[in-house]
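Undergrad: If you scroll down you'll find the structure; I have some questions about it.
The values are calculated or read from the model by the stated rules, or taken from the named source; none is laboratory data. This structure is a prediction, so every number in the text was calculated from the model and none was measured. Cβ sites come from the backbone with ideal geometry, for glycine too, and all protein chains shown count toward neighbours. Accessible surface areas use protein heavy atoms only, side chains included; no ligands, DNA or RNA. Shrake-Rupley method; radii C 1.70, N 1.55, O 1.52, S 1.80 Å.
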Amino acid sequence: MVKTSLLFAMALGLLIASFFASMCMGRYEIDFSTLAHFLSWKWFDIGAMPRDATLLSNILFDIRLPRIVAVILVGAALAVSGGAFQAMFVNPLVSPGILGVLAGSSFGAALGIMISDNWIGVQLFSFAFGFLAVMCALLIARIYGKNAPTTILLVLGGVISSALFSALLSLVKYMADPYNKLPAIVYWLMGSFSAVDMKTLLNVSVPLVLSMIVLALMGKYLNILSLGDDDAKALGVRVSLVRNTAILLATLLSALTVVVAGMIGWVGLIIPHIARFMVGADNRVMLPMCLLLGGIFLLWVDTLCRTVLSVEIPVGIVTALVGIPIFVLALKNAKKGFA
């Protein structure tokens, strides 16, 4: 217990330190003493007004702060949804896209980009089709519900739904204007936080935070669910209600991350492995750790993407490059499950 508390304190401290370090880094570098002086004056009215206060305010509060907060929320949401799906399916190799939400959201965003120049419309299309894809997977599982275990049917339904919406995405890309719309679709599919603003952040932050909190509080029931449906029912758990609630919340998290930043893979697959290695398989502890580690991981990836070169690198590319070797290392422990 003491070790776990210490790990949580270290992770929280690292997240806070990463936040302020990322605020300092960018095209216009700000040293920490300048940041501390400005924030002391701005928030607590301590010290004299900095000479370049207006410039610092624009950079820190209008550009960097919304992006950094969005990055932390998206990283945490992907990690928590991935951890919840892995617990539900009792499989450490499951990712947030298992039921087709990422494929559906991608198709919806691509369709929105092709037919509209309104970014809000693109986000709504992405969100709606992400949920539609999951509904298709659940419908397929329900139709054939008596022929196989529920988890297997859900996976198969997700495979079919993902294949359908991936094909529709390819069709949209084929039909899109190759000079204007197609480049925008391709860049969006790579994942980026460059379009994040305060309005988007305010719209998605409340459902993201609430969904993560509820999923983390469901850790006890996810532990029981991992024992199998029969054992869970014997212990008095309403299996269908717990599973459907967890799927709904994890789907909401995944769809909203696509709305904010496009396709960002691997976070929801590798972070739960790291959290499980640090604090064990108990979802009551593992899911909150996923929240912290996911935010830290994606924050440093995004900071790298926007600072290492003169042009910004899409976040999805770097998460894949970092995630693949971690996933290869995790494969050797895959057959051990959650032991």
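Undergrad: Compute the helix-to-body angle for 315-331: its Cα long axis versus the longest principal axis of the chain, expressed 0 to 90° and rounded to tens.
TA: 50
Undergrad: Moving on. For segment 68-125, what are Rg and Dmax over the alpha carbons, in angstrom?
TA: 14.2, 42
Undergrad: Hey, can you rank 171-179, 286-294 by average C-beta count inside 10 Å, highest first?
TA: Numbers: 171-179: 13.3, 286-294: 26.8.
So the peptides 171-179, 286-294, ranked by packing, come out 286-294, 171-179.
Undergrad: Can you tell me the relative contact order of the chain? Whole percent, Cα pairs under 8 Å, sequence separation 6 or more. All intermediate terms of the calculation are to be shown ahead of the outcome.
TA: Numbers: 500 pairs, mean separation 97.2, N = 339.
Relative contact order for the chain comes out at 29 percent.
Undergrad: Of all accessible surface on segment 1-48 at a 1.4 Å probe, what whole percent is carbon and sulfur?
TA: On the way: 2350 of 3240 Å².
Answer for segment 1-48: carbon and sulfur cover 73 percent of the accessible area.
Undergrad: Using the heavy atoms of the protein chains alone and a 1.4 angstrom probe, what is the accessible area of segment 240-290 per residue in square angstrom?
TA: Numbers: 1460 Å² over 51 residues.
With all protein chains present, segment 240-290 gives 29 Å² per residue.
Undergrad: Along its principal axes, what span do the Cα atoms of segment 160-302 show, with the longest given first and each in whole Å?
TA: Per principal axis, max minus min of the Cα coordinates gives 59, 34, 28 Å.
Undergrad: Please build a GNM for the chain, connecting alpha carbons under 10 Å apart, and tell me which residue among F85, F129, F32 fluctuates the most.
TA: F32
Undergrad: On the accessible surface of segment 170-216, probed at 1.4 Å, how many percent belong to carbon and sulfur atoms?
TA: Working: 1860 of 2650 Å².
Whole-percent figure for carbon plus sulfur exposure: 70.
Undergrad: Then there's this: Relative to the longest principal Cα axis of the chain, at what angle does helix 32-44 sit, 0 to 90 degrees, rounded to 10?
TA: 90
Undergrad: Also, quick follow-up: For every helix of n ≥ 4 consecutive DSSP H residues, a contribution of -39,500 (n - 2.57) applies; sum these over the chain, divide by its total residues, and give [θ] at 222 nm rounded to the nearest 500 deg cm²/dmol. Please list the in-between numbers first.
TA: On the way: 15 runs with 253 residues, N = 339.
Helix contribution divided over all residues of the chain: -25000 deg cm²/dmol.
Undergrad: Next up: Restricting everything to alpha-carbon atoms, can you work out Rg to Rh for segment 59-211 with a Kirkwood hydrodynamic radius?
TA: Numbers: Rg = 16.9 Å, Rh = 16.7 Å.
Rounded to two decimals, Rg/Rh equals 1.01.
Undergrad: Now for a different question. In degrees between 0 and 90, to the nearest 10, how far off the longest principal axis of the chain does helix 267-279 point, with axes built from Cα atoms?
TA: Rounded to the nearest ten degrees, it is 90.
Undergrad: Once the convex hull of the alpha carbons of segment 1-118 is built, what does its volume come to per residue, in cubic angstrom?
TA: 178
Undergrad: In addition: Could you point to the label whose value was computed as Cα extents along the principal axes in Å for the structure here, given (1) 53, 44, 36; (2) 68, 46, 34; (3) 71, 58, 34?
TA: Recomputing Cα extents along the principal axes in Å here gives the entry labelled (3).
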